[in-house]
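Undergrad: Please see the structure below; I have some questions.
Where a number appears in this text, it was derived from the coordinates with a stated rule and is not lab data. What you see is a predicted model, and the numbers here were worked out from it, not measured in a lab. Methodologically, a virtual Cβ is constructed for each residue, glycine included, from the backbone with ideal geometry; neighbour enumeration extends over all protein chains shown.
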Amino acid sequence: MPVRVGSLVNGHPYIEILVSPDGKKSAKQTALIDTGFSGFISIPIESAKLMGLKAHATALYTLANGKTSNPVPLAHGYACLEGDPFVQGLFSISEHASTVVGMDFLIRCGKVLVIAPNGIVTMDASEFEASLKYSAALGNEATAKTPTKAK
Amino acid sequence: MPKELVHATPSCQEIAERGEAIYGEKYRAELEKTSNGKFIAINIASADATIADTGEDAIRLALEKDPSGFFHLMRVGHKAAFEAGWYMSCAR
């Protein structure tokens, strides 16, 4: 199904995702969408342990205040929206309490994020582009049919 | 087992410091002229570098070369590999 509905909690967008260490066994997580995060997924250390994620790299982050973070462990893993195929990405293993998905997740999953006053929607970018073309075509047709005022 | 054969797992801080030092010594001058914006995974044991368009590709390719290696991921021309959003910057 191309369109999924998430929720707004205290003004912040959340979606349900599946995470997996190997693309086979998976666990469902509620994840905050943070479009200011350029990475794939940040997952709490407790969840990473339960999943069996193995960190083999580190990276630094530029924080919102412009400073650089302490090194954060990275692990290879898989994630997707429920019903979609898994995509590979780098999981940041954090000391925070929430799972966070970033721009790399939305891009790798090929998703468009629509934020409305009462909720959020994710949909396939291909479907979104097709609907834009369809709307544009309808708009052109309507313009062509609108009679011009006689002067 | 002799002490010199026991390899302790390095800490995140040690991996990052070693990776940043290797990058500064071996790669920065050249890559910042030619590969700005690319991701580089540095193997802290061999000082080998794997360069790719994405961080995921750089780490995956580096792991193919050395499956038991430890790597520091950097982005050429940037202070850090990734940008953290508000939550990762502020939440406790």
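Undergrad: Out of all the residues in segment A:102-123, which are in contact (Cβ under 8 Å) with a residue 40 or more places away in the chain and out of contact with any Asp or Glu (no Cβ under 9 Å at 6 or more places or on another chain)?
TA: Selection gives A:PHE105, A:LEU106, A:LEU113, A:ILE115, A:ASN118, A:GLY119, A:ILE120, A:VAL121, A:THR122, A:MET123.
Undergrad: Let me ask another. Just the residues that are assigned to a strand (DSSP E or B), facing another protein chain (nearest Cβ under 7 Å) and crowded, with 16+ Cβ neighbours inside 10 Å, please, taken from segment A:51-69.
TA: A:HIS56, A:ALA57, A:THR58, A:ALA59, A:TYR61, A:THR62
Undergrad: OK, next. Which numbered condition trips up A:ALA79, out of (1) outside any strand (DSSP E or B); (2) of a type in the set (A, V, I, L, M); (3) in contact (Cβ under 8 Å) with a residue 60 or more places away in the chain?
TA: (1) is the only condition that A:ALA79 fails.
Undergrad: Go through segment A:24-35 and count every residue that is within 14 Å of another protein chain (Cβ to nearest Cβ) and surrounded by fewer than 15 Cβ atoms within 10 Å (Cβ to Cβ).
TA: Within segment A:24-35, residues that are within 14 Å of another protein chain (Cβ to nearest Cβ) and surrounded by fewer than 15 Cβ atoms within 10 Å (Cβ to Cβ) number 2.
Undergrad: Taking the residues in segment A:36-50 that are away from chain B (no Cβ under 12 Å) and under 20 Å from the mean Cα position of the chain (by Cα) as candidates, determine which candidate is farthest from B:SER11 (Cα to Cα).
TA: My answer is A:SER47.
Undergrad: Can you tell me how many residues within segment B:34-67 are closer than 16 Å to B:ARG18 by Cβ and hydroxyl-bearing (Ser, Thr, Tyr)?
TA: Residues flagged as closer than 16 Å to B:ARG18 by Cβ and hydroxyl-bearing (Ser, Thr, Tyr) within segment B:34-67 amount to 2.
Undergrad: Would you mind stating whether B:ILE59 is within 12 Å of the chain's Cα centre (by Cα), within 12 Å of another protein chain (Cβ to nearest Cβ) and either closer than 15 Å to B:ALA16 by Cα or not basic (Lys, Arg) (or both)?
TA: Judged against the criteria, B:ILE59 is a match.
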